[in-house]
1. How big, on average over all directions, is the shadow cast by the Cα convex hull of the stretch 1-110, in nm²?
2. Using only DSSP helix segments of four residues or longer, with each worth -39500 (n - 2.57), what per-residue ellipticity at 222 nm results for the chain after dividing by its residue count and rounding to 500?
3. Which order do peptides 118-128, 133-143 fall in by mean Cβ count within 10 Å, highest first?
4. Diagonalise the Cα gyration tensor of the chain and give the resulting equivalent ellipsoid semi-axes, square root of 5 times each eigenvalue, largest first, whole Å.
5. Obtain the nm distance between the two label points defined at ILE90 and LEU137 by a simple spin-label model: each point lies 7 Å from its Cα along the Cα-to-C-beta direction.
6. Looking only at the chain, where both bridge partners belong to it, what percent of the DSSP beta bridges are antiparallel (to the nearest 5)?
7. Considering only Cα-Cα distances, which of the following residue pairs are longer than 31 Å: LYS44/LYS132; LYS159/LYS184; LYS6/LYS215; LYS132/LYS343?
8. If you average 1/r across every pair of different Cα atoms in the stretch 182-241 and take the reciprocal, what Kirkwood value do you get, in Å?
Amino acid sequence: MKNFYKNKNVFITGHTGFKGGWLTEILHLWGANVCGYSLPAEGKDNFFNALNIGSKCEHITGDLRDYEALKTALLNAQPDIIFHLAAQPIVRTSYQIPVETFTVNTMGTANLLQALRSVNKRTEAVLITTDKVYKNLENGRAYQENDPLGGYDPYSASKASAEIVIQSFGLSFFNPAKFNEHKKSIVSVRAGNVIGGGDWAADRLLPDMMRAMHKGETVVLRNPAAVRPWQHVLEPLTGYLLAAKMQYENPLNVSNAYNFGPDPQDVLTVEQIAKAANIPYTVMKDENSPHEANLLQLDITRAKKELGFKPQLSATEAVAKTVEWYRTYYAESTGNSNDRTVKLTERQISEYFASCEAMPTL
């Protein structure tokens, strides 16, 4: 994949965020020409500043809801490949700002796809949603790509709505039967509960734990029995990169959606994650807390068969790499663009992709 992405023009929305920052770093190391479009990075601590991502791409500050600005940036970038990651990504926050969550996640996706119609060249687009797009019956079965969509909370519903938007544009304007006319290929990719260094979002388990570790505090677990498909950030990003590569090489033989997650036997509860991270914790069930699903698992059979995707890290290994990253970051005196954190990130990327060498498509 390194050779494939070298010199490719890649447009990333959400490059100032956690996953977008890691993706930009990977593509920078591989020699791609990256243009990032996103709101400013939030907070004092963030991956974007820690890795000086702004110096590794064309950095454009912009809002998905500003259609004209987004369209101008996209046309100027003339991308070969698009990765759409920008979003309001927090379930609990979506209860506080439901309308904004829908306008960013649903209409922002529609804006990007509408702007893509104006790009007069061959372009592949990978649109990132979430595992939470499925109508969650909590029946113990891993969800497949053709299962019904749904959404209890505004975040999940906004992402399920984005999936419908993607399907509509895929049929109406980017239909594979007319690929030679529009020269566009779009897929949605679904992953959840991604962990790794550089995520400081509120109400996420590992960031909350790492903040508590740094302050010498005890973390509070709201739902210790909840099961999630925990995965290191490099796992789904590899899936996204594989999907775009497959689209580029064989656009008529890709599915319209892919799940990315750990193997079914490799799932941990919230409490098991806390124990694996060796973080002091207490359990405090909040009866007034907004609804969050207890069980979320994805079936990744399609990604394995069609893309050659294969998880490389167990959940406990993912936790260990995450803790290592934060300990290194917090050990630095400045907390910004420091050599040790940059070198550790590069080493984790290098070691991960070295472990992927047995994958035929890599």
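Quick note: the coordinates plus some simple rules give every number you see, no bench work behind them. Predicted model, so just to flag it, every value in this text is computed and none were measured. No Cβ is skipped: glycine too gets one built from the backbone with ideal geometry, and neighbour counts run over all protein chains shown.
1. Averaged projected area of the stretch 1-110's Cα convex hull equals 7.0 nm².
2. Value at 222 nm, helices only, nearest 500: -12000 deg cm²/dmol.
3. Descending mean neighbour count gives 118-128, 133-143.
4. The equivalent ellipsoid of the chain has semi-axes of 30, 23, 20 Å.
5. Computed distance between label sites ILE90 and LEU137 equals 3.3 nm.
6. Antiparallel: roughly 10 percent of the beta bridges in the chain.
7. Over 31 Å Cα-Cα: LYS6/LYS215; LYS132/LYS343.
8. Answer for the stretch 182-241: a Kirkwood hydrodynamic radius of 13.8 Å.
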